[in-house]
Amino acid sequence: QVQLVESGGGLVQPGGSLRLSCAASGTIFSINAVTWYRQGPGKQREMVAAISSGGSANYADSVKGRFTTSRGNAKNTVYLQMNSLKPEDTAVYYCNAEIYFGSIWYGEHWGQGTQVTVSS
């Protein structure tokens, strides 16, 4: 029943910014820890950012200083702020989130992916 819906992708010029969102359907569900992955054309999936249940964030070296993941005002939404985008950031971005139904562990779910294209 629960869905993770990703949005915010699109086409942006190098140096631009995008904000991806990863939202669990409905306010009944909440997101705890989240890991962001991406898969570029002809590339393997790689982890780019993660936020723990305690709020600590980790980033791949390739995006450190440029990407920031955080929780939104609503507990069912997590964001990935992507600044100073580079062409090599072009990929389909996926979120993988720990979902809770109230205080009950519901499981890990994947977003459907959103395309980010960085090009002049």
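The values are calculated or read from the model by the stated rules, or taken from the named source; none is laboratory data. All figures in this text were calculated on a predicted structure; none of them were measured in a lab. Ideal geometry is used to build each Cβ from the backbone, glycine not excepted, and the neighbour counts take in all protein chains shown. Remember, those area values only see protein heavy atoms, side chains included, never the ligands or the DNA or RNA. Shrake-Rupley method; radii C 1.70, N 1.55, O 1.52, S 1.80 Å.
Annotations
- Rounded percent of accessible protein surface that carbon and sulfur make up, the chain, 1.4 Å probe: 47
- Förster radius 25 Å - calculated FRET efficiency between residue 44 and residue 119, Cβ distance, rounded to 0.05: 0.70
- Excluding ligands, DNA and RNA, the accessible surface per residue across the chain is 52 Å² with a 1.4 Å probe.
- The residues neighbouring residue 82, those whose beta-carbon lies less than 14 Å from its own, together hold a net charge of +2 under the Lys/Arg +1, Asp/Glu -1 convention.
- Summarising the amide proton neighbourhood of residue 67: residues at separation of 5 or more, or on other chains, whose placed amide H is nearer than 5 Å comprise 83.
- In this label model, residue 13 and residue 62 are separated by 2.4 nm, measuring between points 7 Å along each Cα→Cβ vector.
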